[in-house]
Every structure is written in structure tokens, then in C-alpha cells.
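The values are calculated or read from the model by the stated rules, or taken from the named source; none is laboratory data. From a predicted model like this one, the values you see are computed outputs, not experimental measurements. For neighbour counting, all protein chains shown are included, and Cβ atoms are generated from backbone atoms with ideal geometry for every residue, glycine included.
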Amino acid sequence: MSTLSIFINKTWDGQPVPEGDHIKMVLDLDNVALHLDVDAPYHGDPPPETPPGSMWELWNYEVVELFIAGAGQRYTEIELGPHGHYLGLRLNGVRNIVQADLPLACRTVIQGPKWHGTVSIPIEHLPPPPWKFNVTAMWGTGINRRYVSLFRLSGSKPDFHRLQDFGPLILPADPYRTTAADSFYVG
């Protein structure tokens, strides 16, 4: 299994966020799926009014997102919220959804000021490598809405679909790799 640890500590436009708002994501790749493990602050935003599971427009709530892009503007967007909601999309071209409601195995738990979530994305839901990626999160409502991003985004407002701003994602496909986990930290 190949592992990459990611730490998000900046707003979408590169400003530092308080330490209590830092997010950690670990990506593990094996020959079946890409597994995400999220540790994030819990901000206590109002939860969605729908039961846990796949939910359209989850991006309007407290959420952590992973974008993985391949060649030709094909990309996968995975969203995970603290209350057990998720959204999986495959896109071909910016915001051009070709498959929604990807079946995903996910689990979340809120523990005091933090929440933890896991989700597995079958390999067939990912674009072919080489990959570029970004990890983002949103919380708060109205004028208190906050947007964080692993990679700084261009433009005058947060737009997480700016594929040109993604960074390279290098996860060796060898599931038998035995070296220590890599880390990715944008400071």
C-alpha cells in the first residue's frame, strides 16, 4: 500500500488558518481502491436535513473534498461531511458531470471538537494517471463561510474546480511498497 499524508493549513488564497482549523488527510492506494482518512475540526455547522449517505449539494455544508484530475480534464470529486454524508462525482471538463452518486463506502464520527472520516474510492472511479490533485474544505454559513485549500487557487474568489492550480499526486502503484509514508505539506 502506498501512503501519502497531507496537511492543510491555508485558506484558498494562501493565508494561514489558526492551528485549530488545520486538516489532515491520509491517502492509501492499493490495487483495488484509494482510501481516504480525514481528521478535521468540527465546527458545529447545521447538519443536512437528509439521512446520512450520498447527498447532492453537500458542498453547501461543512465538508472536506478531494479532487483527483487526470489527462484531458477528466477528474473525480469526493466530498465527505462530518454527519455521514458524502458525494462522489466523475467529471469530464470543468463542472461537466458524467457520473454522479458514485457508490462509496464511508464512515464518519464526531468526537468533541474534531471529526474523523474514512472513504474508499474504487480505482475504476478515478481518471487514468498521471494525477494532479487538491484537497479543500468549507465550513461556516453566510459571511462566516471559510474556504481552505492545500494548493493556492488563482482568481478573486474560491473556485475549487481550477484544475490548473492542482499539484502533482504521486502515489506509487506498488501495493507491496515497504518504505515509510511520504508527507505532503504546503507551507
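Quickly run through the stretch 153-187 and pick out the residues that are of a type in the set (A, V, I, L, M, F, W, C), at pLDDT 95 or above and part of a loop (DSSP other than H, G, I, E, B).
Selection gives Leu153, Phe160, Phe166.
What pairs come up if the first residue lies in the stretch 136-152 and is modelled with pLDDT of 95 or more and surrounded by 15 or more Cβ atoms within 10 Å (Cβ to Cβ), the second is assigned to a helix (DSSP H, G or I) and among the aromatic types (Phe, Trp, Tyr), and their beta carbons are under 8 Å apart, counting only those six or more places apart or on different chains?
That search, which allows pairs on different chains as well, returns Met138/Trp59.
Being closer than 23 Å to Arg145 by Cα and either surrounded by 14 or more Cβ atoms within 10 Å (Cβ to Cβ) or out of contact with any Gly (no Cβ under 9 Å at 6 or more places or on another chain) (or both) is the requirement here; does Ile97 meet it?
Considered against the rule, which asks whether it is closer than 23 Å to Arg145 by Cα and either surrounded by 14 or more Cβ atoms within 10 Å (Cβ to Cβ) or out of contact with any Gly (no Cβ under 9 Å at 6 or more places or on another chain) (or both), Ile97 comes out as no.
Just the residues that are more than 17 Å from Ile78 (Cα to Cα) and of a type in the set (D, E, K, R), please, taken from the stretch 41-60.
Asp45, Glu49 - these are the residues of the stretch 41-60 that are more than 17 Å from Ile78 (Cα to Cα) and of a type in the set (D, E, K, R).
Just checking, which of Val94, Val98 is of a type in the set (A, V, I, L, M, F, W, C) and outside any loop (DSSP other than H, G, I, E, B)?
Answer to the check: Val98.
Go through (1) surrounded by 15 or more Cβ atoms within 10 Å (Cβ to Cβ); (2) more than 16 Å from the chain's Cα centre (by Cα) and name the single condition Pro46 misses.
(1) is the only condition that Pro46 fails.
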